[in-house]
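What follows is a single structure, written as structure tokens, with notes after it.
The values are calculated or read from the model by the stated rules, or taken from the named source; none is laboratory data. Quick caveat, the model's predicted, so the values are computed rather than measured. Methodologically, a virtual Cβ is constructed for each residue, glycine included, from the backbone with ideal geometry; neighbour enumeration extends over all protein chains shown. Heads up: the accessible areas ignore ligands, DNA and RNA and are worked out on the full protein's heavy atoms, side chains in. Shrake-Rupley method; radii C 1.70, N 1.55, O 1.52, S 1.80 Å.
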Amino acid sequence: MSSRKEQKEQLRKERLEREQAAKASADRKRRLQIGGGVGLLAAIVVVLVVIIGSSGGGGSGSSTASSGSSSNSAADIGLSDGAAPWKPEYSFLAQRLAAFNFPQQTDVGYHVHAELKVYVNGKQTTVPANLGIDPQGRFISPIHTHDTTGVVHMESTAYYPFTLGEFINIWGVDFTNQQLGGYKAGNGNVLQLWVNGKQIADPVNYKMKAHDIMILGYGKPNSFPHKASYNFGDL
């Protein structure tokens, strides 16, 4: 089995090959489009005139709302609202990553680690391995896991304020400050985030930092720990 470094190098090599192929294709398309650009522009103008005339010019508000809704739904697509434990969701991972518009993944720029422990009704649930890593090796998210230790790897070209909410969404689990998967706060149950022994008021938007030890817990108050330790070693 290849090491993490070899895996990342292979992903980087494949990404560069795809980028080069895409650039060559774009150059060919650009040359073809120059000759027909004037005619295409004229056709677009005609279509726009017809649309505006038929709609009476009153569609701009709904168009804006639709755009905003589409952007939000892209980051939420494929999220699970079921019971723990949750498996990684890969089918719509690429769409969610595109919606977040993260910086490029690399381990030579910003490269830090945090620890996440998740509890549901007093029982620890596993943070799966290979979250954010496409099984077919086509891409890797700048926030991901390699094993089931709960270590979150944050790797990008430069510092980026990755949030816990983004990581949980990369996992493929529905997450708000009142809900985790199929579990909603209320009726005596709480959903809380504790980081380095301190409770966080806004868990979804918490910006993860190097060597944070995060405990995300759902259930009765005090049914999960508020503080833990982890040996990051040379991470």
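Listed values, structure above:
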{"item": "Any chance K87 is in a loop (DSSP other than H, G, I, E, B), open to solvent by 30 Å² or more (accessible area, probe 1.4 Å) and among the basic types (K, R)", "result": "yes"}
{"item": "Some residue of segment 97-113 being at pLDDT 95 or above, open to solvent by less than 40 Å² (accessible area, probe 1.4 Å) and at positive phi", "result": "no"}
{"item": "Some residue of segment 209-217 being surrounded by fewer than 18 Cβ atoms within 10 Å (Cβ to Cβ), assigned to a loop (DSSP other than H, G, I, E, B) and charged (D, E, K, R)", "result": "yes"}
{"item": "Selection from segment 139-177 of residues that are closer than 22 Å to V108 by Cβ, in contact (Cβ under 8 Å) with a residue 40 or more places away in the chain and not in a loop (DSSP other than H, G, I, E, B)", "result": "I140, I143, V151, V152, H153, M154, E155, S156, E166, F167, I170"}
{"item": "Yes/no for V204 being part of a loop (DSSP other than H, G, I, E, B) and open to solvent by less than 60 Å² (accessible area, probe 1.4 Å)", "result": "yes"}
{"item": "Any hit, segment 37-59, residues being part of a loop (DSSP other than H, G, I, E, B), modelled with pLDDT of 50 or more and of a type outside the set (K, R)", "result": "no"}
{"item": "Selection status of G165, surrounded by 14 or more Cβ atoms within 10 Å (Cβ to Cβ) and either in contact with a Ser or Thr (Cβ under 6 Å, 6 or more places away or on another chain) or under 18 Å from D81 (Cα atoms) (or both)", "result": "yes"}
{"item": "The lone exception for S229 - which of (1) in a loop (DSSP other than H, G, I, E, B); (2) touching a Gly at 6+ places or on another chain (Cβ under 9 Å); (3) of a type in the set (S, T, N, Q) it fails", "result": "(2)"}
{"item": "Per-region count, segment 127-162, residues at positive phi, more than 13 Å from the chain's Cα centre (by Cα) and surrounded by 17 or more Cβ atoms within 10 Å (Cβ to Cβ)", "result": "1"}
